[in-house]
Each structure stands twice: as structure tokens, then as C-alpha cells.
Amino acid sequence: MPEPAPDRRAPAGAKRSPDQSVMHLLSRRFIDPSEKPMNAASPASRKSAAAASAGIVELLARILLVALFLISGLGKLPAYSATVEYMASLGVPGALLPLVIATEVLGAVAIIVGWRTHVVAFLLAGFTLLTALVFHSHFGDQNQMNHFLKNVAIAGGFLLLVVHGAGPLSLDRRAGR
């Protein structure tokens with residue numbers, strides 16, 4: 001049977017922080033006093049764990065930012081003729097649809113994998129603002145205003161990628177860009 005943990009009471013009159021109180025309770029019940037405490041990681045290991053977490057969050061942010069483009073671009077394929085008609089109704093030549101689909105799908109994939117992120121994000125920011133102006137500029141319609149503002153916000157996200165890049169989990173980082 002293991003020996004009970006030594007009593008680690010604070011000296012008389014000393015106050016404990018809430019963290020110390022919790023650790024005191026845990027150490028008396030659950031922690032072998034010979035083990036190194038979990039929060040005793042070196043600053044270098046904490047920094048590398050934070051960097052790994054940041055890379056995952058940046059990858060997730062890129063995926064969330066371009067998911068709409070990937071879904072929208074692929075969704076135009078089965079509705080090709082309807083999309084051409086919609087574009088024509090707003091004065092946009094339907095002949096541009098293949099370029100639109102390629103921009104949305106290939107641009108989304110490039111951002112997800114972090115390939116040429118600065119350039120692709122800049123181009124997608126411009127594309128997003130242009131589509132906001134062409135397709136969502138009927139500001140008397142609240143729905144169109146919301147779509148316009150959504151596009152402006154997405155363009156802002158792309159501009160952050162232009163400035164900061166894709167992060168450590170990207171082809172750009174592997175290539176030293």
C-alpha cells in the first residue's frame with residue numbers, strides 16, 4: 001500500500017492562491033509526490049506546443065475561410081446552365097463561368113494547402129469584392145446587403161492572409177516562402 005502524501009499545509013497565517021489550493025487538494029489525493037508536476041514543462045516545450053496549436057488553428061481558419069468558395073464552385077457544375085442565365089441577367093457574360101469555377105475551386109485548394117498564399121489570397125480578395133459589387137449591390141434588399149457585407153468580411157480575411165501568410169502548416173512554409 002503506498003504511503004500517504006506528506007502534509008503540505010501552508011505555514012500558519014499564509015494565504016494560498018486558488019491555484020495553490022487546488023494543487024494542494026490534488027496533491028494530497030491523486031498525485032504521487034515523487035512525480036514531476038504536469039505544469040513543470042520547460043518554457044521551450046510550452047512554446048513549441050503553442051506553436052503547434054497555432055499552426056492547427058491557422059490551417060482550420062484557412063479551411064473555414066475558403067469552404068464557401070469550394071462548395072460554391074463545385075455547386076456551379078451541376079447547375080451550369082442556370083448559373084450562366086443568372087450571370088447574364090446581371091450583365092456578366094456566361095463565357096466567364098469556367099474562369100469563375102476555376103477561381104473558386106483552385107483558389108480554395110491553394111489556400112487550404114498554403115500554396116502561393118500571399119498572391120492567391122490577394123486575387124481572391126479582389127474576386128470577392130468584385131462579386132460583392134456585381135451580384136450583391138442592391139442595398140435596398142436586406143438579404144443582398146448581408147451578402148455584400150459577408151463578401152467584404154471574407155475579403156478582409158484574405159487580406160490578413162496576404163499580410164501574414166498561411167502559417168507553419170503550409171506548402172509555402174515548406175518551400176521557405
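Every read-out reported here was derived from the displayed coordinates using simple, explicitly stated rules and does not represent laboratory data. The shown structure was predicted, so the numbers you read here are calculated from the model rather than taken from an experiment. A quick note on method: Cβ atoms are made from the backbone with ideal geometry, for glycine too, and the neighbour counts reach across all protein chains shown.
Residue by residue, the range 88-94 carries 3J(HN,Hα) couplings of 4, 5, 9, x, 9, x, x Hz when phi is fed to the Karplus relation 6.51 cos²θ - 1.76 cosθ + 1.60 (θ = phi - 60°); x denotes Gly or Pro.
Among the chymotrypsin sites (Phe, Trp or Tyr not before Pro) in the range 98-177, those located in a DSSP loop and surrounded by at most 10 other Cβ atoms within 10 Å of their own Cβ are Phe139. Working note: Karplus 6.51/-1.76/1.60 with θ = phi - 60° gives the range 167-174 the couplings x, x, 8, 7, 5, 4, 5, 4 Hz, where Gly and Pro are set to x.
Entry for the range 43-174 at q = 0.13 Å⁻¹: log10 I(q)/I(0) = -0.59, Debye formula applied to identical alpha-carbon scatterers, no solvent contribution.
When all alpha carbon pairs of the range 49-107 are counted in 10 Å bins from zero, the resulting P(r) reads 22, 37, 20, 13, 7, 0 %. The residues packed around Leu160, meaning those with a beta-carbon under 13 Å from its beta-carbon, carry a net charge of 0 if Lys and Arg are +1 and Asp and Glu are -1.
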